[in-house]
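For reference, the structure is listed below as structure tokens.
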Amino acid sequence: DVERSRGLGDVYKRQGYEPLYLAKSKGFYPDDLRVVLLPSASEVMRALRNGVIDVAGLTLDEALMLAASGVDLKIFLVTDISAGADVIMARPEIDSVPALKGQRVGVESTALGAFMLSRALQINGVKPSEVVLVDLQVDQHEEAYQDARVDAVVTFEPVRTQLLKQGARQIFDSRQIPEEIVDVLVVRTSVIEQHRETLKVLADGWFRARDLLVENNPSAMVLAGKHQGLTAVEFSEALTGLELPARGKVSYLINEEELVNRAIPIQRWMRQTGLLKGEPVDLHDLLLPGIN
């Protein structure tokens, strides 16, 4: 099947995809189903584009980028909606987004980080040219901050918690752009017909693991925390920055095409800022109903 033959990839320890690993650890997936951890969102996008993987965890804006670049894909599951989990962390003396003027900001420039930073700057009246961008993959964020190569970084858990311990200040988070950062699972269109049942198995395991996390199951929190490099308590606290939608809401977002309404303003803004080029993506055609 699609996952067994090629694996599915997600960004480096992005917390919203933790049910994938929990489902694997709990035996909800076959032994030979591979969940592949890649070092950055850029790597995940590249792997999907090149056919190295057939299923991937992406943010909605990343899915739009790939589709606009000609990658034939479908969104079949909404995994989480960021409600504070995505952040801009800065040195203690930097107390606001306007204070980033002239500072070095670490960001993965081809993915979520660029979107997050652009929105933060826009909301606070700062021009992109007024900050110094430092292109960093997600697994480089903490080290770059420690080595003083950047003054701030656009990141998420578990890096957020680690930087807080080092005295960093949180100056912006996704609560200020509600419903705009949505994580999804996408599949390459070419494999859907042959592997539709496998996708359903993947979704079923996802929701079983998701329910354990939402219910604060002790063993699940320990496993997930260990994978994230956090204690169970830290992971539970970090999880408050995410909405992990239940099956009914995911069905509504995908099957009833509510996700289209949320994606329209995001696509419009991304085109205005140059993050998306080419013809607009047909958002209705991007959804794959019936899997969840």
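The values are calculated or read from the model by the stated rules, or taken from the named source; none is laboratory data. Because the structure is predicted, anything quoted here is derived from the model rather than measured. Don't worry about glycine lacking a Cβ; one is built from the backbone with ideal geometry, like all the others, and counts go over all protein chains shown. Heavy atoms of the whole protein, side chains included, go into the accessibility calculation; ligands, DNA and RNA do not. Shrake-Rupley method; radii C 1.70, N 1.55, O 1.52, S 1.80 Å.
Some observations on this one:
- Test: residue in segment 196-214 that is open to solvent by 50 Å² or more (accessible area, probe 1.4 Å), more than 29 Å from Ala67 (Cα to Cα) and touching a residue at least 60 places away in the same chain (Cβ under 8 Å): yes
- Checked against the criterion of being surrounded by fewer than 23 Cβ atoms within 10 Å (Cβ to Cβ) and within 20 Å of the chain's Cα centre (by Cα), the candidates Gly70, Gly84 yield just one match: Gly84.
- The residues listed here are Ile264, Ile254; of these, the one that is touching a residue at least 24 places away in the same chain (Cβ under 8 Å), more than 17 Å from Leu20 (Cα to Cα) and under 20 Å from the mean Cα position of the chain (by Cα) is Ile254.
- Subset tally (residues that are open to solvent by 20 Å² or more (accessible area, probe 1.4 Å), outside any helix (DSSP H, G or I), in contact (Cβ under 8 Å) with a residue 40 or more places away in the chain and over 16 Å from Leu199 (Cβ atoms)) for segment 23-44: 2
- Single condition Met89 does not satisfy, out of (1) modelled with pLDDT of 95 or more; (2) open to solvent by less than 40 Å² (accessible area, probe 1.4 Å); (3) in a loop (DSSP other than H, G, I, E, B): (3)
- Any hit, segment 264-272, residues being modelled with pLDDT under 90, more than 18 Å from Asp72 (Cα to Cα), in contact with a helix residue (DSSP H, G or I) (Cβ under 7 Å, 6 or more places away or on another chain) and not in a loop (DSSP other than H, G, I, E, B): yes
- Extreme residue, modelled with the highest pLDDT, among residues of segment 186-195 that are more than 23 Å from Lys249 (Cβ to Cβ), open to solvent by less than 70 Å² (accessible area, probe 1.4 Å) and assigned to a helix (DSSP H, G or I): Thr189
- Neighbours by Cβ (under 9 Å, 6+ apart or cross-chain): first from segment 122-133, basic (Lys, Arg); second open to solvent by 70 Å² or more (accessible area, probe 1.4 Å) and not in a helix (DSSP H, G or I): Lys127/Lys101
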